[in-house]
Structure formats: C-alpha cells, structure tokens
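Note sheet for the following structure.
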Amino acid sequence: MDFGTFFPEGSPLAIVKYWSNYADSAEIPVSGENGWEILRSGTEEREIFACSHPGLGFQFELHCSALPDGFELFLPRESLKETYNRWHSIRLLPDLCRTHEGAEGYYLLPQQSGVLSRFRNKRSAVYEIGIYGNGLSECNMPVYGMSDGKTLLGVILREGYCDALLHLETARGAHRTYRLAPVLQLRYELSVRRQNMPMVNDEIRIRVRRRPLNGRSGAAVLAELYREERIAAGEIVPLKTRAAENPVLAEALRSPEIRIRMGSKWPFPTEVMEQTPENEPSVHAFCTFRQVESIVDECRKQGLEHANFCLVGWAAKGHDGRYPQILPVEESFGGETALRSLIRHTRSAGYTISAHDNHYDAYSISEDPFDTLLIRTQEGFPIKDGVWSGGQAWLLCPEAMRKTYSLRNLQAIHDLGFRGVHFTDCLTSTGLRVCWDPVHPNTKTGMARWRTDILRTAKEIFGGVQCEGPFDFAAGVLDRVLYIDTADDGSGLSARDYVDEIVPLYEMVYHGILLYNLTGESINALPGSDQYLRNLSFGGMPFFYFYRHFATKNYLPGTNTPVPGRFETADFTLDNLEAEIAAVKQAADDYIGTLGDLQLCRITEFTRLSETLTRTDYSGGESVYVNFGTSPVEIDGVTVPPRSFARKG
C-alpha cells in the first residue's frame, strides 16, 4: 500500500525531543531537510523506515504494515540508539490528523466520557494530555480519532501507551492549524543529574484505521473500532458471557450499590500529618454496624429485592485510617463481633455485602511496616500522595504491596464473611508512575500490570471486583466502576477551550463490558433530577452513598447531619431513611426493572435530538429516550414523560 496517502505532503515521520550533555533541550522533526537520513525498504505490504541523524547521534526504525482499512506503525525498542545526546520523547504521526480552522469535522478525545472538539473558534494553544495521567480529566483509554464528517480516522495505541500522552494543537500560526498526535515518553525528566537514567518505554505499536460513518456519529464508529479490537485480542469479555458463568456478577447486574461510610478520624482534614499512638486523632462514627442493619431492614421492608452493600471505613481506625493495616475491625462501630453479625443479617435478607479497601497508599501510623514497599524517585526519595484521615499518605509500589500485604488483606476480608463485588480504591483513577527502587523497579507499564494483578486477585477471591475510576488498562479484570466523570463546577474539563461537547465515547466502548455510574454527582441522584437522567441516558447503574462527604465542614457542628444545600446531590443519612430507601427502590425499578436487560447490550449510538431530549440506541434494537424538559414529548411512536424516560423496543 502507499502509506503516503495517510500523510500530508512534506510532513515529518516524527518529532524527536532530546537533551545534550549540556542540559539544553531541543526538538527536531524527522525529515531529510533537518539532517536525517531515511532509508526506505520492504514490500508493498510492509515497509521499514530506518532513520538516523549523524550529527545528533540518534537512530531508530519505523515498521509500517498494511491493514485492510489502514496501517500499523511499530517502533522496536531495541532500534532506539543514542550516543552523546539523550532521547526524551518521540511524537509519531505529527501531521496525520492535521487540519485547519473552519474545516468540517472534529477530534474525539478519551477524556472522562469523551470530548468532541471542532475545528473552529479556538484559541491558539498547545495541550499535552496524559494517558492514564494524574487525574480523571486525563485520557482513560489509549485511543483517539478525527472525523471529517464523512469518515472516521481512528488511532489505537496497542503497545507503549502507558508512557504516552496526546499532543493537541489548536488554531496555531498564520494558517490556524490544528494537530493531534501521540507522544511517547522515553525518559521523564530533563535534568543533567538524571540524563543517564535508562529509558523506561516499551515497544511502541500504533494502529490507524479509516472507516466510513454511513450516517453514524464519529464517537460511535471509534468506540466500535476500539471495542472490536480489544475483544478480538481477548482483552475484554462481554458481561453476558461472564455473568452466565459467575453468580456473583449475575447478582451485581440485579443490584443497586449502596455504600456506607462508617466513619473516620475527626476532624478532617487532619492536622496531624505523621501520626503515632500518642497523637492519633479519635475516630468519629457516622454509623455503627448495628445501624447498618436498620438500613438493610428498611430495604427489605420496602420490597427492594436485590442490593449490594459496600462498607467504607470498616477497618482499623476508619476510612483511610491505617493502611496497609486493616485489622482489627474498628471498635467505634461495634468491632468484629458486630460486623460478623451484620454480614450474616445482610446475607440472610437476600443481599450481598462487600468491603472497601486500599492497596495504593500507606500511613506512618500503620502497625505494618511499609518503608521498603514505597515508590521511590531516581534519588531514592519516597513520594507523597494526599493528606487523608491517617495523615500524610505515601505511595506504595503495587508490585511490593501485592507481594507483601495484598493477598493477606484480601483473605482476611474474605474470612470476615464479606461477599459480593469487592471494592478497591484508587488503582484505576490515579496516574501511573515509574518506581526506581532497586528491589522492585517498575515502568509505568509494570505499574499498570501490578495494579491489575491486585484487582485480579480480589476477583479470584470474591468473584467480582470494582474500583474507583475508568482507566481501562484494567478493563479486562474489572466488573464495576464507581464513576467515569468528575463533578464539574465550570472550572474542570468543560472550562478547557478545546471542549465543545461531552459525548459517551467511553460508555459506547464499555457498556455491556462494565457496570458503571456516570459521575460523583450522580451518586444519590433522585428520580427526575438532571444527574439521574444523565446517568440513564449514558447507560449507567445507580449508586447510593451514606455519609459520602469527607470533610468536617460538610456536617453541622456536633452532628452527623449534612450542611443543607452544599452539594448538588444530597448525602444519605440515617435521619431520613424511609424516603432515601424509597429513592433507591425507584432507581432499582427504573434502571434495573425496566432497563436492566440492556446492561448486557452495547450502546450503538447516542443522539441529542434537542436541547432537552436524547436517544440512546442499543445493540438489540432497543432505544431509550430521556426527556430533560418539563413537558411530555411524542416521538417515534412513544410518549416520553417530563423529567423521565421511555423505552422503545
């Protein structure tokens, strides 16, 4: 094939960023006019570009192989050579998705649900957006696309993606040019002291495919392309197949998730960064194990047939209290005897009950030593995370944690009687890092593999596993995700100039693979509210959370009563239990009773029919219309009530 048909004339193969022994950094396009020697060899179906720059001392190869609807680009790690200058990163296919101001079409970016960015009315700017970066607004999948309104050019990073970011340019230069391309990080810091550290990248493999839209949205076609690729590779398996063989997952499909935050050290945020037995703050109980039984009883009283209760903060010293230590069960809530009684009570009522735990960070108050388990920088320093109830958190290397405490903790949780889809915090919502500890060194890819192994171990023990965020390096193991998007008060993703529209790209990839809730603000969303309807329209499942808000300031002084009106969705508490469980029951009737079978289907298309009406199409031929307006709507032979939904098919 003629690979040149995919590239604008005169465009470079790549852009190399590097630094010299003098610590000055630079970047250079890979083209003949910039001193590169490019030798081209191979056949019509497979070509090799051998690139070298005698002046800079760099060499590498790009292998291009034909695909039925595109090509694959492979950069062997062993082909990356350097002499007196040092590699930092390489931006591949820099002009593949080049266009200009006012052109038809848009980019698709895998941030939160998905971002659509049109080629008009943007500021001149450059953005670098990490894949599995340091927050939920970074990319959660290694895929992106460009549509011209008639076709979709989809780019899938198949290897090396844990070290990648997306380089986005908008309205640059006199021609107001737009570009979108992957950058593969080979080293992470430009510094004289670290320039001789080894490269940390893997092999680099990228697949580019062009498909016609045929009247469909670019997001739907890109999602289908990526999903097909992962299923064909055996990386993900549909829920329908898994649930047929797994009673834990089959029960999860019928169950709204009810999380209960038992308590934490108080006040929060804590003022004691490094805690000892002498200065450790006391635990504030929001709910005792006996009181959780009253929540279970109310669910049974109101006829809720299925639910999974997840206890947050049940372990030693409450939520984020002493990790990696989890035992003894916290006495402030009733201790181990009361916990075992609650578990028996819940299971006898016909529900499942699971535990929330953490394998991500550690606190100095822990009775389990962890100094040798921490992620360390090139200089050997441990890395701080946030400040939580246990004080200053320190980041654990997942390999070291898995080999030391993870299996022990998971088995201890199982021995207490917990069953159901187990919850592990942070592993799919926080950025990957390189660990330089000589005993357990890890690249970002290694970090992803060990995090996934912890989740896999939990799944093997409990039958199902869920985690906090949507990073899809673990999608082949996960069953449920707490949220895909983060709450946005106007200063988050929506405030970025390149964001024109949020589209359910992630949901169209993973609906029918994972159960998910859309956002933190759709937790506790009440029937008829905007967040409730958004979650429905994006194919979500209901989540509910008692005492979900961390900070002391969010509760009236001396009480467990939330400050009224502080958040879009209310905290659930024991104060208003009957009405809250009624909302859970209504959500279960809507999401699971009326729409539950659709959780086994793909979302094939999402359409905004008007400012207040959406349609979500499923692979079985069904459609769900969601009406955000205040008047009923007649469409396609169905009536959609105001602030509600209707199913067709």
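The values are calculated or read from the model by the stated rules, or taken from the named source; none is laboratory data. Because the structure is a prediction, the values reported are computed rather than measured. In this analysis, Cβ positions are derived from the backbone assuming ideal geometry, glycine residues included, and neighbour counts consider all displayed protein chains. These area figures cover heavy atoms from the full protein model, side chains too; ligands, DNA and RNA do not enter into them. Shrake-Rupley method; radii C 1.70, N 1.55, O 1.52, S 1.80 Å.
Among the residues here, ILE413 does not qualify as hydrophobic (A, V, I, L, M, F, W, C) and open to solvent by 20 Å² or more (accessible area, probe 1.4 Å).
The residue of region 131-148 that is nearest to GLY431 (Cα to Cα), among those that are modelled with pLDDT of 95 or more and surrounded by fewer than 24 Cβ atoms within 10 Å (Cβ to Cβ), is PRO142. Among the residues of region 215-233, those that are touching a residue at least 60 places away in the same chain (Cβ under 8 Å) and not in a helix (DSSP H, G or I) comprise ARG216, SER217. For ARG300, are the conditions met, namely being farther than 27 Å from GLY476 by Cα and in contact with a strand residue (DSSP E or B) (Cβ under 9 Å, 6 or more places away or on another chain)? No, not satisfied. The sole residue among LEU116, LEU93, LEU108 that is under 15 Å from LEU153 (Cα atoms) and at pLDDT below 95 is LEU93.
Looking across region 235-253, the residues that are more than 16 Å from SER619 (Cβ to Cβ), open to solvent by 60 Å² or more (accessible area, probe 1.4 Å) and free of Cβ contacts under 8 Å to residues at least 12 places away in the same chain come down to ALA244, GLU245. Scanning region 254-294 for residues being among the hydroxyl-bearing types (Ser, Thr, Tyr), more than 30 Å from GLY593 (Cα to Cα) and assigned to a loop (DSSP other than H, G, I, E, B) gives a total of 4.
Considered as a group, the residues in region 595-649 that are assigned to a helix (DSSP H, G or I), open to solvent by less than 60 Å² (accessible area, probe 1.4 Å) and of a type outside the set (A, V, I, L, M) include one that is farthest from PRO504 (Cα to Cα), and that residue is GLY596.
Cβ separations smaller than 7 Å between residues 6+ apart or across chains give the following pairs from region 292-314 residues that are touching a residue at least 60 places away in the same chain (Cβ under 8 Å) to residues that are of a type in the set (Ser, Thr, Tyr) and open to solvent by 30 Å² or more (accessible area, probe 1.4 Å): ASN308/THR352.
Report yes if some residue within region 31-45 is under 35 Å from the mean Cα position of the chain (by Cα), modelled with pLDDT of 95 or more and not in a loop (DSSP other than H, G, I, E, B); otherwise report no. No, every residue in region 31-45 fails to be under 35 Å from the mean Cα position of the chain (by Cα), modelled with pLDDT of 95 or more and not in a loop (DSSP other than H, G, I, E, B).
Taking the conditions (1) of a type outside the set (Asp, Glu); (2) in contact with a Pro (Cβ under 9 Å, 6 or more places away or on another chain); (3) open to solvent by 10 Å² or more (accessible area, probe 1.4 Å) in turn, GLY334 satisfies each one other than (2). A count restricted to region 346-402 and to residues that are within 30 Å of GLU298 (Cβ to Cβ), more than 27 Å from the chain's Cα centre (by Cα), open to solvent by less than 40 Å² (accessible area, probe 1.4 Å) and of a type in the set (S, T, N, Q) stands at 1. If the condition is being in a strand (DSSP E or B) and open to solvent by 40 Å² or more (accessible area, probe 1.4 Å), then region 159-189 contributes GLU159, ARG172, ARG179. The residues on offer are LEU75, LEU108, LEU116, LEU93, and the sole one that is surrounded by 18 or more Cβ atoms within 10 Å (Cβ to Cβ) and under 15 Å from GLN59 (Cα atoms) is LEU75. Identify the single condition in (1) within 19 Å of VAL421 (Cα to Cα); (2) open to solvent by 70 Å² or more (accessible area, probe 1.4 Å) that ARG300 does not satisfy, given that it satisfies every other one. Checking ARG300 against (1) within 19 Å of VAL421 (Cα to Cα); (2) open to solvent by 70 Å² or more (accessible area, probe 1.4 Å), the one that fails is (1).
Taking the stated definitions as given, is GLY303 out of contact with any helix residue (DSSP H, G or I) (no Cβ under 7 Å at 6 or more places or on another chain), at pLDDT 95 or above, part of a loop (DSSP other than H, G, I, E, B) and farther than 29 Å from MET447 by Cα? It would help to see each step written out before you state the result.
Numbers: out of contact with any helix residue (DSSP H, G or I) (no Cβ under 7 Å at 6 or more places or on another chain): no; at pLDDT 95 or above: yes; part of a loop (DSSP other than H, G, I, E, B): yes; farther than 29 Å from MET447 by Cα: yes.
Spelling it out, it is not the case that GLY303 is out of contact with any helix residue (DSSP H, G or I) (no Cβ under 7 Å at 6 or more places or on another chain), at pLDDT 95 or above, part of a loop (DSSP other than H, G, I, E, B) and farther than 29 Å from MET447 by Cα.
Residues in region 78-90 that are open to solvent by 20 Å² or more (accessible area, probe 1.4 Å) and either charged (D, E, K, R) or modelled with pLDDT of 95 or more (or both) were compared, and the one that is farthest from VAL16 (Cα to Cα) is GLU78.
Across region 574-594, what is the number of residues that are in contact (Cβ under 8 Å) with a residue 60 or more places away in the chain, closer than 20 Å to GLN291 by Cβ and open to solvent by less than 40 Å² (accessible area, probe 1.4 Å)? Residues flagged as in contact (Cβ under 8 Å) with a residue 60 or more places away in the chain, closer than 20 Å to GLN291 by Cβ and open to solvent by less than 40 Å² (accessible area, probe 1.4 Å) within region 574-594 amount to 3. Applying the selection to region 269-297, what residues are open to solvent by less than 50 Å² (accessible area, probe 1.4 Å), more than 16 Å from ILE353 (Cα to Cα) and among the acidic types (Asp, Glu)? Selection gives GLU280 alone. Residues that are farther than 30 Å from GLY593 by Cα and of a type in the set (Phe, Trp, Tyr) within region 302-346 comprise TRP314, TYR323, PHE333, listed in sequence order. Scan region 190-204 residue by residue and report those that are surrounded by fewer than 16 Cβ atoms within 10 Å (Cβ to Cβ) and either acidic (Asp, Glu) or modelled with pLDDT of 80 or more (or both). Within region 190-204, GLU203 is the sole residue that qualifies.
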